[in-house]
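Written below as structure tokens is the structure these notes are about.
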Amino acid sequence: MSADVMIPYTTEAAIETYGDGADITVIAGGTIVMQLLNYRRMAPERAMLLSKAGMSYVNREGPTYTIGAMTPLSDLIGLAAPLGPCAANVADHEIQYQATIGGNLCAPTPPEHPSGDLQGPLIALRATVRSTGKGGIRRDGVEDFLANKAGRLVLDISFDAPQAGAFRALNRPHTRQFTALAVSGVRSGDKISLAATGAGPTGIRLASAEALAADPAAAAEAALNDVAMRDDSLASAWYRERTFPTLVSAVLIEIQEGS
Amino acid sequence: MKAVGARMPRYDGVGHVTGQTQYVDDVRVHGMLSAKALRSTVHHAAITNIDTSKAEAMPGVKAVITSKDVPLLEYGHLSGLGIPADEPLLAKDDVRYLGQPIALVAAEDEDTAQAAVNAIEIEFEERPALWDVRKAFDADAPRSHHWGNWYTHFEDEMDRRQIRKGNIEQAFEDADRLVSGVYRTSAIEHVPLEPQVSLVTPEPDGRLTIYSCTQALYFSLAVVAAHLEIPMNRIKIVGGTVGGGFGGKVDTATETITALAAMKANRPVKWRWTREEEFLVSSTRAPWHMEIIDAVTNDGWILGRKMLTLHDSGAYARFSPYGLTKHSFHHTGAYTIPNLHFDGYVVFTNRTPSTAMRGFGVTSISFAVETHMNRIADILGIDPYEIRLKNANRINDTSPNRIRYTDPSTVDVIHAMSNATGVELAPAYAGATRQPREGDMLPDHLVSQLKTEGH
Amino acid sequence: MAKHRGYGISSIEYPTGMNQNGDPSQAWIKIKPDGRVDVFSGTADIGNGAKTIQSQIVAEAIGVPYDWVTFDNSNTDSSPLCTGTFASRATFVAGNAVLKAALDVRQKILEIAGKEMEVSPKDLDIVDGEVRVKGAPDKNLSVADVAGAATWTYGELLTGTGAQLNEFADIVNAETGEVSGPPHAAISYAACAAEVEVDDVTGNVQVLRLIQVYDVGRAINPSLVEGQIEGGALMGLGLGVLENSYPYYPSVKHRGASIGSYYMPSSEDMPEYETIIIENPSADGPYGAKGIGEMANNGQPGAIATAVHDAIGVWVTELPITPELVLRALEAKAEPRIEGKLVAFDDELSVNAVATGITWNP
Amino acid sequence: MNIRLNGGTVDIKSPPLTSLLTVLREELNVTSPKRGCDQGGCGACTVLVDGTPQRTCLTPVAAVDGAEITTIEGLGDSENLTAVQQSFLHHGAAQCGFCTPSMIIAATAYLDGDGSAEPEAIQEALKGHLCRCTGYQKIISAVSAAATKSEFDLTSMTASPNTVILPGGDT
């Protein structure tokens, strides 16, 4: 039951090996796929292991950051809010060292828990994702990418450094692979951008709250219209809805004060 | 140097810090097979059909064990205490909780074993399940157990554990206040870092060597021998070094079934549970539902206690009747209450059977009693230290089952705590001791209690 | 919109050995020809330190250095019966068994030494591996030489056995719960004080400090006693505010199936521990020891629940005290119901009708 | 494939997606990394990969082809305990011992990275390593002591912080 494993040593080789993405399982950091393999929930016939393909870098040109898909979360912790603090909030140091931004962006939603914590900050940052697959290389906004990520291999992620950013998460201290609920916010000029994780199957843009950003209290309440809370073993929908507005308003206040 | 009282390094400490201590999963035996279990995918159902032929025919599969391979299918772990058997080692006619083991496959590797488990054909006819101990007594409640929804085999075939002492009606009449509260605890997982595992090797002389993570080698020896209907000297349990237990490894969870597979395959077999099995299938600490109503005086004496406890045993009895009995013996906590009326039920639900866990039976009562004591102190406006010192067990006070306390140190530990927290006690309480009651600490309602017969 | 501090205490008791007793432990000891001591005991070491504690007891009882003792609990062929490591019995019940075995073999050593030294055994003592004449410590013979003499001169095996069994306490009256005798060995006592901080916005309860007092009888090994107390404290904290296998009990939905989806305490959850050990020797434990392994997680939940009430004025009496239960309690702001002399803190006692016909309001 | 294991080079026969944990335990019989969950949650399988602590249950062996793997066998043996191992022994930081090897691996990496002796910092650094026995106090104390000392006199026994032992009888 052993898979045919391909190990590209360059980004170009990875793109070529991935091809149109049909019938190939990609292993980036391994923190998601290896659990499935350990528990025999997956038996890929073809797999591509990206650990030797490079693709781990954080570049900045002017205001624009470009981050390679294989960059581990531990290399993002130093970045400004919301991305840095969000990366620092994921699990523990060893997971942060191993988990990658590309893998996190592509995290499947497990039956129980929200996953892919970085989706929140990246939506708030209006990041774009360069990916390959059927039809070749293209660049999409994060939300479009998440909606059509099947058959795509993330190459890198770009966003402009915000003037101000903030990240808030429910914090019940204990070792955790999942963040129950988190809100990310970004301000560029007077343009406010908000997103949440743990409030639906993937990261969600809080459009209603963005529209009322000038009034944090009103925005916080409105944000509930943008989300679809669920019960899981970490927290109930009731509890998430009850605490969500305080996270949203705290983020708004911080990014409007910050510069 | 004196050995007792010294901070000796652990006897096994060097092995621990060098990673060389050998746990069961670290044992390597040539030709060892791996095992995986077929488990119930439903909470409560009749098994209408099971067909293992496809699994048995798979290459690499060396043994498939079902209920019909077990010499003595049901054995009561506490038969010595008069608690009858109710749980089959492997499910036969029905399943009563999600994940209940039905069959075990031993194969050359884990992938083959799992594939063979998936190849076993099984059909269930689902039945309504009971979850809520508070609904177990309703006329229309689903039936969770063949004995009914609660255990019926206490002494004299009583269906509950009772404690009766003194005159509860009189205490309620004499009380200034009747303070009632409801207390609930949750099922929790033991989470030893070492999951359940055993390795069984058939020896050339026909004996079985069982490498086990059991907390109780001889207990497991007796349980395996009983199920297999062989003398104890046909089995050698090897263990004594356990990666955490907390009560969960008092259950003989894997040894007997693994032994049957090893005998059938005539090969060494290891059955190691995954962490997911630990969380979803292994027994838990029981959820408890406790209702207390205390007869108290305005100056903080507790004259009497009525209490009702529902213990969520899950799908089978296991150690629950023992745990409830222990619970009942300690339902006054560290305090002396002369008039008692306790009723406790072991309730069967369709969840994972609960079992022993650190503080078995008493962890729940300590939470209920201590929270209730503080509520009484709060409602009466009495200092929580002083209400404790007043009612604290003293030498010659008697327990719920009329045993005289010979050396209770409740007073001493509360004094030490008040020193640690810097709480000033009134002289009457600062001067209290564990010695027999006298003076203000011997109120009329305790005089008669001290006269009652005690051992 | 604030964080509130609160304090609460509890005082508890817990028995040693199985409820109703009747749970034997046995041990045997043999002395090698060089005087080294082999202990065979069936007590599993689950991290509690049975191997260490029982070795210390044997070294102390015979009078030899700790490192002369080897301890074998590895299998049921070489080791006699031990009911097991549970019910806080490994130090007390099984410890008594090895103590008796040690005193038995000590006597055999003294008898051989008496022959060798031409001194009555009752006038001999064993200190640091040396048999000495009481009052004349310079007249001595090493235990190694005694063991050699036993082996090569007298053709005897120096061995000792010990068994501990407290009589099973029958329930002689099922109506009243009366028992035929003491239903357990020594009782241990403890008190716990908890300091918590409650966030009234998130409902999160942070346990800041646990002060704990334990009457352990005698701390055979203080380091291991502290380990039991501190480990139990964090398990009690987990019971109090974190852990639940059925987060929506009685529903069976959403059971956590992974470490990451079950709130088990990590080093992040550690409170500040303050431990006070009282040595109030028990009459019948080895060197006065009691068993406190299990009770170590019993005192915290009640103290924590009380501290939460002290902090925010509402009682949460369902464990664990999750942020959700705290917020729901703050919303309900339930006051106890007062009817005549009845003070009912919680919702209507839910099962009085179905259970026993108890009349809850006399 | 091959790895450098505790200084020596060993060839790997297992399939490339086999977890490093399974390779170490089942193929190479190095059993100090423990299989606590296979979910990346408990930390008991942690070893050093090129000097950095990593969860072997989440690491396909092909990803560490040619890497330097250090298990606790590569730190110190019973004749030659490292300061961290001595400190764990000395402070009673191991109870059942199942989490101990990976705890020591993580603590060693923390101290090699000039981690501070502050308890709070150690608690944060080790938060991914679960222990059900100790309540972590003695582990934190052991790491903190190792941060400030290099040698231990194993015969000198010290009390846990904040422990007082009172005489019996009425207090």
Of the conditions (1) more than 14 Å from chain C (Cβ to nearest Cβ); (2) within 20 Å of residue A:116 (Cα to Cα); (3) crowded, with 23+ Cβ neighbours inside 10 Å, residue A:228 clears all except one; give me its number.
(3)
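Residue by residue, here is whether (1) polar (S, T, N, Q); (2) at pLDDT 95 or above; (3) more than 23 Å from residue A:194 (Cα to Cα); (4) over 19 Å from the mean Cα position of the chain (by Cα) holds:
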{"residue": "A:17", "(1), (2), (3), (4)": "yes, yes, yes, yes"}
{"residue": "A:26", "(1), (2), (3), (4)": "no, yes, yes, no"}
{"residue": "A:37", "(1), (2), (3), (4)": "no, yes, yes, yes"}
{"residue": "A:49", "(1), (2), (3), (4)": "no, yes, yes, yes"}
{"residue": "A:62", "(1), (2), (3), (4)": "no, yes, yes, yes"}
{"residue": "A:107", "(1), (2), (3), (4)": "no, no, no, no"}
Say we look at the stretch D:108-124 and pick out the residues that are of a type in the set (Ser, Thr, Tyr) and away from chain A (no Cβ under 12 Å); which of these is nearest to residue D:53 (Cα to Cα)?
D:108
Flagged pairs (Cβ under 7 angstrom, 6 or more apart or on separate chains; first in the stretch D:125-144, closer than 20 Å to residue D:47 by Cα and within 7 Å of another protein chain (Cβ to nearest Cβ); second acidic (Asp, Glu) and not in a helix (DSSP H, G or I)) are D:127/A:92; D:128/A:92
For the stretch B:238-250, name all the residues that are assigned to a loop (DSSP other than H, G, I, E, B) and either surrounded by fewer than 24 Cβ atoms within 10 Å (Cβ to Cβ) or among the small types (Gly, Ala, Ser) (or both).
B:239, B:240, B:243, B:244, B:245, B:247, B:248
Across the stretch A:238-254, which residue is farthest from residue A:209 (Cα to Cα) among those that are open to solvent by 20 Å² or more (accessible area, probe 1.4 Å) and not β-branched (Val, Ile, Thr)?
A:238
Hits in the stretch B:104-132 (condition: modelled with pLDDT of 95 or more, open to solvent by less than 20 Å² (accessible area, probe 1.4 Å) and not in a strand (DSSP E or B)):
B:113, B:116, B:117, B:120, B:130
Residue that is free of Cβ contacts under 8 Å to residues at least 24 places away in the same chain, open to solvent by less than 20 Å² (accessible area, probe 1.4 Å) and touching an Asp or Glu at 6+ places or on another chain (Cβ under 9 Å), where the choices are B:52, B:18
B:18
Which one of these does residue C:71 not meet: (1) at the interface with another protein chain (Cβ under 8 Å from one of its Cβ atoms); (2) out of contact with any Lys or Arg (no Cβ under 7 Å at 6 or more places or on another chain); (3) aromatic (Phe, Trp, Tyr)?
(2)
Boolean, residue B:424 is at pLDDT 95 or above, in a loop (DSSP other than H, G, I, E, B) and surrounded by fewer than 15 Cβ atoms within 10 Å (Cβ to Cβ):
yes
Give the number of residues within the stretch B:252-291 that are surrounded by fewer than 24 Cβ atoms within 10 Å (Cβ to Cβ) and free of Cβ contacts under 8 Å to residues at least 60 places away in the same chain.
1
Are any of the residues in the stretch B:352-375 open to solvent by 10 Å² or more (accessible area, probe 1.4 Å), more than 7 Å from every other protein chain (Cβ to nearest Cβ), free of Cβ contacts under 8 Å to residues at least 60 places away in the same chain and farther than 13 Å from residue B:290 by Cβ?
no
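Quick one: which strands (runs of 3 or more DSSP E) sit completely within the stretch B:1-103 and have at least 2 residues that are within 14 Å of chain D (Cβ to nearest Cβ)? Steps first, answer last, please.
Details: elements: B:33-39, B:45-51, B:61-65.
Ranges flagged: B:33-39.
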Residues of the stretch C:204-225 being part of a loop (DSSP other than H, G, I, E, B) and either surrounded by fewer than 24 Cβ atoms within 10 Å (Cβ to Cβ) or aliphatic (A, V, I, L, M) (or both), in sequence order, are C:204, C:216, C:218, C:219, C:220
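Assess whether residue D:39 counts as being among the polar types (S, T, N, Q), closer than 24 Å to residue A:50 by Cβ and out of contact with any strand residue (DSSP E or B) (no Cβ under 8 Å at 6 or more places or on another chain). Give the steps one after another, and end with the answer.
Values: among the polar types (S, T, N, Q): yes; closer than 24 Å to residue A:50 by Cβ: yes; out of contact with any strand residue (DSSP E or B) (no Cβ under 8 Å at 6 or more places or on another chain): yes.
Taking the combined requirement at face value, the residue satisfies it.
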Please work out if residue C:243 is within 9 Å of chain D (Cβ to nearest Cβ), open to solvent by less than 10 Å² (accessible area, probe 1.4 Å) and acidic (Asp, Glu).
no
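Of all strands (runs of 3 or more DSSP E) completely enclosed by the stretch A:44-142, which ones contain at least 3 residues that are more than 14 Å from every other protein chain (Cβ to nearest Cβ) and open to solvent by less than 60 Å² (accessible area, probe 1.4 Å)?
Details: elements: A:46-49, A:58-61, A:64-68, A:128-133, A:138-141.
Output list reads A:64-68, A:128-133.
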How many residues does the stretch B:292-323 hold that are open to solvent by less than 10 Å² (accessible area, probe 1.4 Å), in contact with a Ser or Thr (Cβ under 7 Å, 6 or more places away or on another chain) and farther than 30 Å from residue A:39 by Cα?
7
Does residue B:333 satisfy the criteria of being in a strand (DSSP E or B) and either surrounded by fewer than 24 Cβ atoms within 10 Å (Cβ to Cβ) or modelled with pLDDT of 95 or more (or both)?
no
Residue list for the stretch C:53-82, filter: touching a Ser or Thr at 6+ places or on another chain (Cβ under 9 Å), in contact (Cβ under 8 Å) with a residue 60 or more places away in the chain and buried (at least 24 other Cβ atoms within 10 Å of the Cβ):
C:53, C:57
Could you check the stretch C:3-35 and list, in sequence order, the residues that are touching a Gly at 6+ places or on another chain (Cβ under 6 Å), among the β-branched types (Val, Ile, Thr) and facing chain B (nearest Cβ under 8 Å)?
C:12
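Output the residue which, of all residues in the stretch B:185-208 that are part of a strand (DSSP E or B) and open to solvent by 10 Å² or more (accessible area, probe 1.4 Å), is nearest to the other protein chains (Cβ to nearest Cβ). Lay out the reasoning, then the answer.
At the first step, the residues of the stretch B:185-208 found to be part of a strand (DSSP E or B) are B:185, B:188, B:197-202, B:208.
Then keep just the ones that are open to solvent by 10 Å² or more (accessible area, probe 1.4 Å); that gives B:185, B:201-202.
On the way: B:185: 5, B:201: 13, B:202: 16 Å.
Taking the candidates together, the pick is B:185.
Hey, can you tell me all the residues within the stretch D:80-105 that are within 11 Å of chain C (Cβ to nearest Cβ) and either touching a residue at least 60 places away in the same chain (Cβ under 8 Å) or not in a helix (DSSP H, G or I) (or both)?
Of the stretch D:80-105, the ones within 11 Å of chain C (Cβ to nearest Cβ) are D:89-100, D:103.
Once the filter is applied, which keeps residues that are within 11 Å of chain C (Cβ to nearest Cβ) and either touching a residue at least 60 places away in the same chain (Cβ under 8 Å) or not in a helix (DSSP H, G or I) (or both), the stretch D:80-105 yields D:89, D:90, D:91, D:92, D:93, D:94, D:95, D:96, D:97, D:98, D:99, D:103.
Kindly indicate which of C:193, C:174 is surrounded by fewer than 24 Cβ atoms within 10 Å (Cβ to Cβ) and aliphatic (A, V, I, L, M).
On the way: C:193 fails: surrounded by fewer than 24 Cβ atoms within 10 Å (Cβ to Cβ).
Among C:193, C:174, only C:174 is surrounded by fewer than 24 Cβ atoms within 10 Å (Cβ to Cβ) and aliphatic (A, V, I, L, M).
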(1) open to solvent by 30 Å² or more (accessible area, probe 1.4 Å); (2) in a helix (DSSP H, G or I): which one isn't true of residue B:412, the others all being true?
(1)
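Can you pull out the residues in the stretch C:48-65 that are more than 7 Å from chain B (Cβ to nearest Cβ) and either part of a loop (DSSP other than H, G, I, E, B) or more than 15 Å from the chain's Cα centre (by Cα) (or both)? Can you show your working first?
Just the residues of the stretch C:48-65 that are more than 7 Å from chain B (Cβ to nearest Cβ), to begin with: C:48, C:50, C:53-54, C:58, C:61-65.
C:48, C:58, C:61, C:62, C:63, C:64, C:65, listed by residue number.
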In the stretch B:285-326, what residues are in contact with a Pro (Cβ under 8 Å, 6 or more places away or on another chain), assigned to a strand (DSSP E or B) and among the hydroxyl-bearing types (Ser, Thr, Tyr)?
B:313
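The values are calculated or read from the model by the stated rules, or taken from the named source; none is laboratory data. Note that the coordinates shown come from a computational prediction; the quantities given were computed from them, not determined experimentally. Counting neighbours? That spans all protein chains shown, and the Cβs are built from the backbone with ideal geometry, glycine included. Just the protein is used for accessible areas: all its heavy atoms, side chains included, with ligands, DNA and RNA removed. Shrake-Rupley method; radii C 1.70, N 1.55, O 1.52, S 1.80 Å.
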